[in-house]
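*Asks:* Structure in structure tokens, see below.
The values are calculated or read from the model by the stated rules, or taken from the named source; none is laboratory data. Only a predicted model underlies this, so the values are computations on that prediction, with no experimental measurement involved. Counting neighbours? That spans all protein chains shown, and the Cβs are built from the backbone with ideal geometry, glycine included.
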Amino acid sequence: MGALERREELISIMIMERYSTVPILSARLQVCDNTIRNDLHALTVLLPLQTKSGRGGGVLLPENYHPHFGSFTTVQCDLIERLMKYTSSQDTLLLCQILAEYGSAEYRTKYEKYR
């Protein structure tokens with residue numbers, strides 16, 4: 001795995017988990033701690049990562065950060081919501097998760113429990 005792929009994976013991990021430690025990330029990506037530290041340092045240009053050193057420390061991505069914040073317009077969210085009436089329960093759940101992740105602020109709040 002090259003640096004770019006590894007950093008993309010780190011971004012995905014941090015967005016999903018919001019908190020980790022260098023040893024956990026290095027074990028997960030099978031690289032040394034210094035490589036992870038270098039990657040995290042490079043990613044601070046893209047992500048609002050916060051770090052804390054020492055016992056109980058780690059790397060944190062604030063909950064209020066979302067890479068696709070408000071990607072869908074209200075009109076698009078309304079359409080998805082109307083389409084839910086015609087889908088199976090499994091598909092409806094998936095559409096709720098999509099609105100929770102990509103919807104406007106109103107829809108993210110409304111469907112937050114599906115994240």
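*Asks:* So if I check each of THR44, THR92, which one is closer than 30 Å to GLY2 by Cβ and of a type in the set (Val, Ile, Thr)?
*Replies:* It is THR44.
*Asks:* Residue by residue through the stretch 10-29, note down the ones that are β-branched (Val, Ile, Thr) and in a helix (DSSP H, G or I). First the steps, then the outcome.
*Replies:* So in the stretch 10-29, the residues β-branched (Val, Ile, Thr) come out as 11, 13, 15, 21-22, 24.
ILE11, ILE13, ILE15, VAL22, ILE24, listed by residue number.
*Asks:* Right, something else. Take ARG55 and decide whether it is over 25 Å from ARG115 (Cα atoms), charged (D, E, K, R) and in a loop (DSSP other than H, G, I, E, B). Spell out how you get there, then give the answer.
*Replies:* Numbers: over 25 Å from ARG115 (Cα atoms): yes; charged (D, E, K, R): yes; in a loop (DSSP other than H, G, I, E, B): yes.
The answer is yes for ARG55.
*Asks:* If I filter the stretch 63-77 for residues that are out of contact with any Lys or Arg (no Cβ under 6 Å at 6 or more places or on another chain), surrounded by 13 or more Cβ atoms within 10 Å (Cβ to Cβ), among the hydroxyl-bearing types (Ser, Thr, Tyr) and at pLDDT 90 or above, do I get at least one hit?
*Replies:* no
*Asks:* While we're on this one: Go through (1) farther than 21 Å from HIS66 by Cβ; (2) assigned to a helix (DSSP H, G or I) and name the single condition LEU40 misses.
*Replies:* (1)
*Asks:* Kindly indicate whether ALA100 is in contact with an Asp or Glu (Cβ under 6 Å, 6 or more places away or on another chain) and either farther than 14 Å from MET14 by Cβ or modelled with pLDDT under 90 (or both).
*Replies:* When the stated conditions are applied, ALA100 passes them.
*Asks:* If you don't mind, another one. What tally of residues in the stretch 85-107 results from selecting those that are farther than 26 Å from GLU63 by Cβ and either assigned to a helix (DSSP H, G or I) or touching a residue at least 24 places away in the same chain (Cβ under 8 Å) (or both)?
*Replies:* Adding up the residues that qualify gives 5.
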